[in-house]
Structure formats: C-alpha cells, structure tokens
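Everything on this sheet refers to the single structure shown next.
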There are 2 protein chains.
Amino acid sequence: MAGEFDLIERYFAHLSPVRDDLRLGIGDDAALVSVPPGHDLAIAVDTMVAGVHFPVDTDPQAIGHKALAVNLSDLAAMGAEPTWALLALTLPEADEAWLAAFAAGFGRLARESGIALIGGDTTQGPLTITVTVHGRVPAGQALTRAGAQPGDAIYVSGGLGAAAAALALREADVARDALQACRQRLDYPEPRLALGRALRGLASAAIDISDGLLADLGHLCRAGGVGAGIDVDAVPRHPALAQLVARDDAAWYDWPLAGGDDYELCFTAPAAAQSRVEAVAESTGIPLTRFGEITPGEGLVCRHADGSAFRPGAGGYQHFVRQS
Amino acid sequence: MAGEFDLIERYFAHLSPVRDDLRLGIGDDAALVSVPPGHDLAIAVDTMVAGVHFPVDTDPQAIGHKALAVNLSDLAAMGAEPTWALLALTLPEADEAWLAAFAAGFGRLARESGIALIGGDTTQGPLTITVTVHGRVPAGQALTRAGAQPGDAIYVSGGLGAAAAALALREADVARDALQACRQRLDYPEPRLALGRALRGLASAAIDISDGLLADLGHLCRAGGVGAGIDVDAVPRHPALAQLVARDDAAWYDWPLAGGDDYELCFTAPAAAQSRVEAVAESTGIPLTRFGEITPGEGLVCRHADGSAFRPGAGGYQHFVRQS
C-alpha cells in the first residue's frame with residue numbers, strides 16, 4: 001500500500017504556488033518555513049468526513065475546493081494572509097481519477113489564494129480530509145471573536161442561506177437556475193480573504209459563518225461578554241432564495257439564520273465607522289449589510305423589521321434566541 | 001452532535017503547557033502565535049487510523065501518546081524544539097472514558113515536551129487522529145534528509161526491533177517481561193527530541209525511523225544522491241530481542257532492519273566527528289551506534305560482520321537492498 005500511496009503525493013507536489021518564505025517543502029520529515037519580523041501566525045485546522053460533512057458521491061473537485069476553502073475562511077475571519085497548508089488525506093483506495101479531480105479543486109484555490117502546500121500524509125481508511133492552514137498578520141492586528149462593544153453595529157458579508165437551500169432542496173424539482181446557484185455556493189464557498197484583511201483596524205470582532213449566523217454570532221457575543229439585538233428581516237438573503245421560497249415560509253428565516261455553510265464573515269464595528277465599512281464594501285466589491293447592534297448583557301434578541309418579536313421555526317436554533 | 005462534541009474540547013483545553021509565544025489559543029477561528037526573530041519553523045502532520053495504524057482495542061492512553069509522539073519524532077529528526085500542536089480527532093461517538101484516557105496520554109507527553117495544544121477539530125466518523133506539530137529551530141540549523149556525503153559514518157540511536165517484535169508476538173506465549181518491554185516501545189515511543197537538538201551542526205543528514213531502518217535510510221540516501229554500506233550485525237537491537245528470538249532466526253534481522261515504528265533517529269556525520277558523536281551520546285544518555293558508511297552511487301549494500309553478503313528474509317524489504 002505504501003507505494004500506492006506514495007503515488008498519491010505526485011498529485012499534490014506541484015499544484016501550489018512558489019513562496020519565498022518556504023525553505024523546505026514536501027518530502028522531508030517536516031517542512032521548514034520562515035516568518036517575516038513583525039508578523040504573527042494564525043493557524044487553524046478543520047476535518048471533513050465523507051457521509052457527515054458531504055455526501056459520499058460529491059464531485060471530488062468540489063471536495064478538494066471546500067476542504068481548503070473552509071480553512072481559508074478561518075484565516076479570513078482573523079484578517080490573515082494565507083501562507084502554507086498541510087493536507088492529511090485518508091482514502092479507502094488510491095483512485096486516480098478521484099485524486100486528480102480532488103487535487104484540481106484543491107490546487108486551483110491554493111493558487112488563487114497564494115497558499116503553498118508544504119506537507120501532508122496519505123493513509124488508507126474511510127474518506128477523511130484534514131487541512132491545516134497558516135496565515136500571517138501584522139503583530140497585534142489580527143481580528144478575533146472577542147472585542148465587540150455595546151453599541152457596535154453588526155454586519156455580514158454577501159447573502160446567506162444558499163447552502164442550506166441546496167441541502168434542503170437537493171432532490172426537489174424547483175427553479176433550476178436558482179437551485180444551481182445555491183448548489184454552487186454549497187460546493188464552492190469563497191473564503192472572504194480580501195475582506196478579512198480590509199477589516200484590520202476597523203472591525204472590533206469577527207467570525208466566519210460555518211455553523212449558521214445565529215450560532216456564530218452567539219459565539220462572537222460570548223467571547224466578548226455581550227449580547228445582540230438583530231433584525232431578522234434585514235439579514236441579507238442570497239438572491240436565489242427569493243425564487244425558491246415564499247417570504248412567509250419558515251425557510252425564509254431558517255436557511256439564512258441557522259443554515260450554516262455560508263462562509264461569509266460576520267463582524268462588528270463602532271457605529272461611527274459606518275462610512276469606513278461602506279468604503280470597504282466599495283473597495284472589495286463585497287456587499288456588507290448592517291442587521292443588528294451589540295447590546296450589554298447576554299443572548300440574542302431577534303425582532304422583525306416592524307419591531308415584533310421573531311419566533312424561530314423548526315430550524316433547531318431556538319436555544320440561540322432570547323425572548324424579550 | 002455539536003454540543004456533544006463541544007464537550008470533548010473540555011478534555012483538551014487545559015492539558016498543555018503555557019507558552020509565552022502563544023497569543024491566542026483554543027476557541028477562536030484560529031490560534032495566534034509568534035516566532036522569535038532568527039528562527040525557522042518546522043511543520044509536520046501525521047494521521048493514525050484505527051484498524052490500520054493501531055488495533056481498534058488499543059489502550060486509548062497509548063493512542064493519545066503515540067499520535068503526538070510520532071509527530072514529535074519528525075520534529076526531532078529536524079533538530080527542532082516543539083512549540084505548538086493541533087489535534088483533529090474524528091470519533092464514532094463521544095465516549096467520555098475513552099476521551100479522558102486519550103487526553104491523559106496526549107497531555108502528559110505534551111507537557112513533557114513543552115508543546116502547547118493551540119487548536120483542533122472534533123468530528124463524528126470512523127476513529128482517525130491527525131496531529132499537526134510545529135517546532136522552532138535557529139535559522140539555517142535544521143537537520144534534513146539531504147546532505148550525507150560519501151565517507152560519512154551512519155549512526156542510529158537506541159536499540160531497534162522491539163515494536164516489530166511486539167506486533168509479531170502479540171498473541172504468543174513467550175518471555176513475558178521481554179514482550180512487555182517491547183509492547184511498551186510499540187505503544188509509548190519516545191521521540192528523540194533532545195538528541196535531535198544536540199545533533200544540530202554535527203549531523204550531515206537525519207531521519208526518524210518510522211517505516212523501518214532500511215526503508216528510512218533509503219529515503220535519506222535518495223535525498224542526498226548517495227548510497228550506503230551497512231553491517232547488519234552492528235545494527236543495535238533492543239535488549240529484549242535476545243530473549244525473544246535466536247540469532248540465526250530471520251526475525252533477528254527482519255525486526256530491527258525492516259520492522260518500523262521504532263522512532264529512533266538515523267543520522268550521518270563526518271567520520272572525523274566520531275568523538276563529537278560520542279560526546280552527544282554521553283550528554284544525552286542515549287546510546288548512538290555506528291553501523292555503516294555512506295558511499296558514492298546509490299542503493300544499500302548490506303553485509304554481515306564477517307563481510308559475507310546479507311540475504312534479506314521474508315520481511316518484504318528485499319527491494320531496499322542492492323546485491324553487490
């Protein structure tokens with residue numbers, strides 16, 4: 001098996017960009033890298049398991065993209081610039097077509113984001129992919145989950161709910177183009193790296209949306225010892241949602257608020273910084289929508305645009321919401 | 001499941017040492033660390049799959065130890081000082097007794113080696129453990145596989161073959177104490193971190209022994225574009241082997257030469273540096289045995305102490321040996 005799995009490494013040895021901070025890459029006991037003075041490193045790891053995090057029959061190119069993308073999204077949330085990745089790939093068998101497609105998806109995103117694959121391990125077993133990513137950030141300038149202050153405005157990038165729609169409507173015979181757009185968001189999430197960097201020195205706290213907007217905003221609030229009041233109608237929906245669900249359907253709220261897998265950034269900034277946030281939206285070309293405000297105390301209070309209380313549907317996120 | 005797996009993180013949040021180069025640990029989108037000026041980072045990742053790399057019923061404390069130890073062994077081979085680790089743990093279920101034992105094994109070695117657990121991911125699925133480790137090394141002083149020169153002496157630390165004996169004799173009714181000693185080596189390998197650091201500026205090349213001495217020496221030779229001549233009788237055996245196998249048995253050779261899982265260091269040094277190597281053995285308390293010499297050309301030539309050709313047994317390592 002060892003020979004068969006050595007072969008796998010060929011698919012990955014040359015697919016990532018050349019970086020001058022890489023002293024020794026794949027092929028020794030460890031990689032050697034250097035960090036420029038005045039920079040910290042951000043380091044994150046995420047695992048995807050077949051049958052748990054994605055259906056077993058998912059296009060391997062999408063799996064390769066997403067395994068890297070969800071990790072890059074963590075770097076985006078820290079305001080870090082991607083540098084190096086390691087890939088631990090556990091495979092039932094050395095299927096060359098699968099590997100070529102996986103490597104193509106992983107490699108394209110690696111090149112686009114400037115991250116070099118510097119090491120890895122290939123083992124035999126149930127399909128599991130663990131990616132460790134590194135990014136650098138000027139010392140002291142990283143964004144974290146902590147730091148939101150009462151009165152800060154709460155923003156989110158892009159439009160939410162498309163990944164949840166794609167999962168919920170996988171087998172449905174509905175608006176084909178809209179569903180395809182949602183499927184694209186589920187399979188090929190785009191980490192908001194440029195946005196994260198642009199928010200250095202502006203955002204008071206940031207997190208990426210993997211578990212769902214309310215769950216992740218809840219993490220951000222707990223880290224800062226604060227609460228939040230949000231307008232559930234102001235939360236930006238992915239444009240395809242309007243073609244897939246009526247506005248009085250529970251899914252109109254469930255998907256963007258609790259769906260997860262969106263990989264947008266949720267962040268807070270002082271209310272007085274609104275024009276700077278707008279300038280970031282302009283310069284990055286990424287829509288940034290204000291949908292709530294940080295409050296003293298704890299918990300999330302969700303209201304409709306008309307001020308009436310929001311009652312969560314069956315989305316399993318009732319415990320995030322504090323009734324007031 | 002999310003809540004159940006959040007709980008798991010409690011087992012790991014407080015088990016590692018405090019380091020002043022850690023700016024932000026477990027609990028944000030990424031950890032933040034700093035690297036002192038004049039140092040490079042060594043980074044490695046290894047995966048262990050239940051049923052492939054260890055029997056499913058292995059003591060979870062041993063699994064926790066070994067998952068970290070095999071990675072620390074890679075840092076040892078680079079001459080690096082361990083700094084930070086990330087743990088990606090995929091588990092079929094959140095079994096608290098299993099987790100407590102796993103964390104105890106992982107945590108004890110983490111504290112002993114000064115490595116801080118700075119991040120991780122816990123997911124549901126077939127038992128798979130991926131550890132990413134980081135170590136620092138003064139810039140330009142890392143040991144690598146490349147660099148061995150014809151005429152260099154070849155050394156190995158400790159005694160080999162015990163892990164292979166433990167695997168081969170798992171069910172056997174033989175010398176109980178000797179087998180127990182071998183089992184200990186299989187389950188609780190000791191990464192040679194102090195040795196690796198002591199070899200900076202002395203070893204011309206180094207590798208840790210995970211695949212087996214001949215296989216790993218073969219990697220070292222290929223990386224340097226050289227060959228090797230070795231005395232198979234001079235290769236140091238673990239002391240327990242003499243009680244478990246006769247010297248005319250194939251296993252007397254197979255286990256130490258091809259067994260793997262020893263996690264000793266194999267390294268080369270100029271022949272003139274013999275006294276410096278002896279001083280390192282003295283200062284670290286780790287036996288270092290010279291068993292061969294780097295040659296021009298390629299391949300490994302194996303001879304007995306009397307100069308006769310060595311014929312490999314059934315250990316599956318014939319392809320490493322060049323007949324001459």
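Contact annotation: no residue pair with Cβ atoms under 8 Å, 6 or more positions apart or on different chains, pairs a residue in the stretch A:41-69 that is on the phi > 0 side of the Ramachandran plot with a partner that is acidic (Asp, Glu) and in a loop (DSSP other than H, G, I, E, B). Among the residues of the stretch B:117-130, those that are within 23 Å of B:Ala31 (Cα to Cα) and within 8 Å of chain A (Cβ to nearest Cβ) comprise B:Ile118, B:Gly119, B:Gly120, B:Asp121, B:Thr123, B:Gln124, B:Thr128, B:Thr130.
Against the criterion of being buried (at least 20 other Cβ atoms within 10 Å of the Cβ) and away from every other protein chain (no Cβ under 14 Å), A:Val226 qualifies. One residue stands out among those in the stretch B:40-70 that are surrounded by fewer than 20 Cβ atoms within 10 Å (Cβ to Cβ) and within 9 Å of chain A (Cβ to nearest Cβ): the one that is farthest from A:Thr122 (Cα to Cα), which is B:Gly51. All but one of (1) modelled with pLDDT under 90; (2) within 10 Å of another protein chain (Cβ to nearest Cβ) hold for B:Phe5; which doesn't? It is condition (2) that B:Phe5 fails.
A:Gly114 meets the conditions (1) under 23 Å from the mean Cα position of the chain (by Cα); (2) under 25 Å from B:Thr122 (Cα atoms) in every case but one. The failed one is (2).
Considering the conditions (1) within 14 Å of another protein chain (Cβ to nearest Cβ); (2) more than 21 Å from A:Glu264 (Cα to Cα), A:Glu81 is excluded by exactly one of them, (2). Here is the figure for the stretch A:164-210: residues that are outside any helix (DSSP H, G or I), free of Cβ contacts under 8 Å to residues at least 60 places away in the same chain and over 18 Å from the mean Cα position of the chain (by Cα) total 4.
Against the test of being crowded, with 19+ Cβ neighbours inside 10 Å and among the aliphatic types (A, V, I, L, M), the options A:Ala205, A:Ala194 yield a single qualifying residue, A:Ala205. Take A:Asp187 and decide whether it is surrounded by fewer than 24 Cβ atoms within 10 Å (Cβ to Cβ) and either assigned by TED's automatic domain parsing to the domain that holds A:Asp261 or over 21 Å from A:Glu112 (Cα atoms) (or both). Considered against the rule, which asks whether it is surrounded by fewer than 24 Cβ atoms within 10 Å (Cβ to Cβ) and either assigned by TED's automatic domain parsing to the domain that holds A:Asp261 or over 21 Å from A:Glu112 (Cα atoms) (or both), A:Asp187 comes out as yes. Of the residues making up the stretch B:209-220, those that are farther than 10 Å from B:Ala146 by Cβ and crowded, with 24+ Cβ neighbours inside 10 Å are B:Ile209, B:Gly212, B:Leu213, B:Leu214, B:Asp216, B:Leu217. Taking the criterion of being closer than 18 Å to B:Arg200 by Cβ, out of contact with any His (no Cβ under 6 Å at 6 or more places or on another chain), within 14 Å of chain A (Cβ to nearest Cβ) and buried (at least 23 other Cβ atoms within 10 Å of the Cβ), would at least one residue in the stretch B:93-116 satisfy it? So far as the stretch B:93-116 goes, no, none of its residues is closer than 18 Å to B:Arg200 by Cβ, out of contact with any His (no Cβ under 6 Å at 6 or more places or on another chain), within 14 Å of chain A (Cβ to nearest Cβ) and buried (at least 23 other Cβ atoms within 10 Å of the Cβ).
A quick yes/no check of all residues on (1) in contact with a Leu (Cβ under 8 Å, 6 or more places away or on another chain); (2) surrounded by 23 or more Cβ atoms within 10 Å (Cβ to Cβ); (3) within 11 Å of chain B (Cβ to nearest Cβ):
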| site | (1), (2), (3) |
| --- | --- |
| A:Gly135 | yes, yes, yes |
| A:Gln149 | no, no, no |
| A:Ala166 | yes, yes, no |
| A:Arg170 | no, no, no |
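The values are calculated or read from the model by the stated rules, or taken from the named source; none is laboratory data. What you are looking at is a predicted structure, and each value in this text was computed from that prediction instead of being measured. Backbone-built Cβ (ideal geometry, glycine too); neighbour counts: all protein chains shown.
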